[in-house]
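A short reminder: the numbers here are calculations on the coordinates, not readings from a lab. The structure displayed is predicted, hence computed values, not measured ones. Here the Cβ positions follow ideal geometry from the backbone for every residue, glycine too, while neighbour counts run over all protein chains shown.
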Amino acid sequence: MRLSGATIMEAVEQCELGRNAVIRASQAYTRGGWKAVSVSGGGRPTGSGRLLSEAEESEVQVLIQDRTPDQLKMSYALWTRQAVSELIASRYGLRLQVRTVGKYLKRWGYTPQKPLKKAYEQSPAAVGKWLNEEYPVIAKRAKQEGAEIHWAMRQAFDQTTFAVVAMPRKGRLQCCGFRPNAKD
């Protein structure tokens, strides 16, 4: 393009090269023709500079795909960048920044996800039935016994357990539990 009279900036835009690359290529051609112009990919070779070996990357991918952190005796319910970083540190003694772990996860095809606010197995029909038929019985009994009703929720990786606890002001703890999902 430079030989045909294009400006440096026109060549930069058309060839999608940097300004310095166009200038160097033009100067090299002027000095020695096409043989003097080196055409090679810039930057580091793909895969260089990675801290984990291919075998280690494969092992980490299998672990996070087949297991949850709590199955590996970690204090997380779901895989996060921090959890993967701690897994790598415990397995290989290599401390990676959360940002670096994010780059590995992206390279492996993982995308950030927000956890669901309700159990994915939840059956709206079962929940409605429980709220309309069973809960009123519990509420009536709690009122008769002078008890307070406390709602509790425990979230885990693949289930959400709901419990309604009726606690008398004086006396024993009484508990009625329910887990609304497709199986109930």
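Taking amide H positions as placed 1.01 Å from N in the peptide plane, with prolines and chain starts having none, which residues 5 or more places from Tyr76, or on another chain, fall under 5 Å of its amide H?
Distant-sequence amide H within range of Tyr76: Asp70.
Put a dot 7 Å past each Cα toward the Cβ at Ala77 and Ile23; how far apart are the dots in nm?
Label-label distance for Ile23 and Ala77, simple model: 5.8 nm.
Between beta-carbons, use under 15 Å as the cut-off and find the net charge around Thr100, counting Lys and Arg +1, Asp and Glu -1. It would help to have the intermediate numbers written out before the result.
Numbers: positive: Arg50, Arg81, Arg95, Arg99, Lys103, Lys106, Arg107; negative: Glu56, Glu57, Glu86.
Counting the neighbours of Thr100, the net charge comes to +4.
Give, in whole angstrom and from largest to smallest, the semi-axes √(5λ) of the equivalent ellipsoid of region 54-107, with λ running over the eigenvalues of the Cα gyration tensor. Please list the in-between numbers first.
Working: eigenvalues 47, 30, 25 Å².
They are 15, 12, 11 Å, listed from largest to smallest.
Using all alpha carbons of region 1-117, what is the percent of pairwise distances in each 5 Å bin, ordered from the shortest bin to the longest?
Distribution as computed: 2, 9, 16, 15, 10, 5, 6, 7, 9, 8, 7, 4, 2, 0 percent.
Lys and Arg at +1, Asp and Glu at -1: add these up for the other residues within a Cβ distance under 14 Å of Arg24 and post the number.
Details: positive: Arg2, Arg19, Arg31; negative: none.
Taking every other residue near Arg24 into account, the sum is +3.
Once Lys and Arg get +1 and Asp and Glu get -1 on their Cβ, which of Ile64, Leu105, Tyr92 lies farthest toward the positive end of the dipole of region 54-107?
Most positive-ward Cα: Leu105.
First select every other residue whose beta carbon is under 11 angstrom from the beta carbon of Pro112; then total the charges, Lys and Arg +1, Asp and Glu -1. Walk me through the numbers on the way to the answer.
On the way: positive: Arg81, Lys106, Lys114; negative: none.
So the environment of Pro112 carries a net charge of +3.
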